[in-house]
1. With respect to ASN31, is the statement that it is within 21 Å of VAL154 (Cα to Cα) and either touching a residue at least 60 places away in the same chain (Cβ under 8 Å) or touching an Asp or Glu at 6+ places or on another chain (Cβ under 8 Å) (or both) true?
2. Hey, any hits in segment 100-114 for a residue that's surrounded by 15 or more Cβ atoms within 10 Å (Cβ to Cβ), outside any loop (DSSP other than H, G, I, E, B) and either modelled with pLDDT under 95 or among the polar types (S, T, N, Q) (or both)?
3. Can you name the number of the only condition in (1) hydroxyl-bearing (Ser, Thr, Tyr); (2) surrounded by 12 or more Cβ atoms within 10 Å (Cβ to Cβ); (3) part of a helix (DSSP H, G or I) that THR127 fails?
4. Under the condition of being surrounded by 10 or more Cβ atoms within 10 Å (Cβ to Cβ) and closer than 19 Å to THR127 by Cβ, which residue from segment 137-151 is farthest from the chain's Cα centre (by Cα)?
5. List pairs: first in segment 50-65 and of a type in the set (Asp, Glu), second assigned to a helix (DSSP H, G or I), Cβ under 6 Å, 6+ apart or cross-chain?
6. Take segment 129-167 and flag every residue that is among the hydroxyl-bearing types (Ser, Thr, Tyr) and closer than 24 Å to GLN33 by Cα.
7. Among (1) modelled with pLDDT of 95 or more; (2) within 18 Å of the chain's Cα centre (by Cα); (3) acidic (Asp, Glu), there is one condition GLU57 misses while meeting the rest; what is its number?
8. Looking at the structure I just gave you, is ARG86 in a helix (DSSP H, G or I), surrounded by 13 or more Cβ atoms within 10 Å (Cβ to Cβ) and not polar (S, T, N, Q)?
Amino acid sequence: MRKIAQIILMTALILTAFASNAFGQKLGYLNSQEILEKYKAAQDVKSQLEELNKTWEQEALNMQREVKELSDQLEAQRLLLSESKRAEKAGEIQTKYAELQQFQAQKWGPQGDALKEEAKLLQPIQTKIIEAINVVGEKEGFDYIFDTVTANIVYVSKNQIDLTARVLEELEKGLASSGSAK
């Protein structure tokens, strides 16, 4: 599915490039994934994140082992322990398991430390990449540069006309005329 989307995007870019050349516009494209894979600073960040992840994974494994050991001990001593001691041990196991789940959510959850750390470390790299794209776009006279991975425009020449105000004006006209027709 992603390949098909990329093929469609590339075809559209090529057709647009041919059509826009008639109007004197210069289009370019880049692959942001390839840039991240080949840019040394991005690779350094990736290595840092992998090391940090390994540390957290080891902590999680240690916590899992502790839960398993406590469970195994309870199972082995079940017949020897009083009902209150069994309940106490079971509560201890549940507490340790809840701590493990909380740790995993804190590190790898949707708002987790892993994502926060990645964003923090990648921010300066993304800024440098954007600056490099702008330099290339300006130096080489591109009007637009597209990213084939995200299918977004990542550079727009300063010489392009922003039609936002005109479109809003047209929308307001349409709303005014449809409002008066009621």
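1. The answer is yes for ASN31.
2. The answer is yes, given that some residue of segment 100-114 is surrounded by 15 or more Cβ atoms within 10 Å (Cβ to Cβ), outside any loop (DSSP other than H, G, I, E, B) and either modelled with pLDDT under 95 or among the polar types (S, T, N, Q) (or both).
3. In the conditions (1) hydroxyl-bearing (Ser, Thr, Tyr); (2) surrounded by 12 or more Cβ atoms within 10 Å (Cβ to Cβ); (3) part of a helix (DSSP H, G or I), THR127 misses (2) alone.
4. Ranking the candidates gives GLU138 first.
5. Sorted first by the residue in segment 50-65, then by its partner, the list stays empty.
6. Answer for segment 129-167, where residues must be among the hydroxyl-bearing types (Ser, Thr, Tyr) and closer than 24 Å to GLN33 by Cα: TYR144, THR148, THR150, TYR155, SER157.
7. (2)
8. In short, yes.
The values are calculated or read from the model by the stated rules, or taken from the named source; none is laboratory data. Please read all numbers here as calculations on a predicted model, not as lab measurements. In this analysis, Cβ positions are derived from the backbone assuming ideal geometry, glycine residues included, and neighbour counts consider all displayed protein chains.
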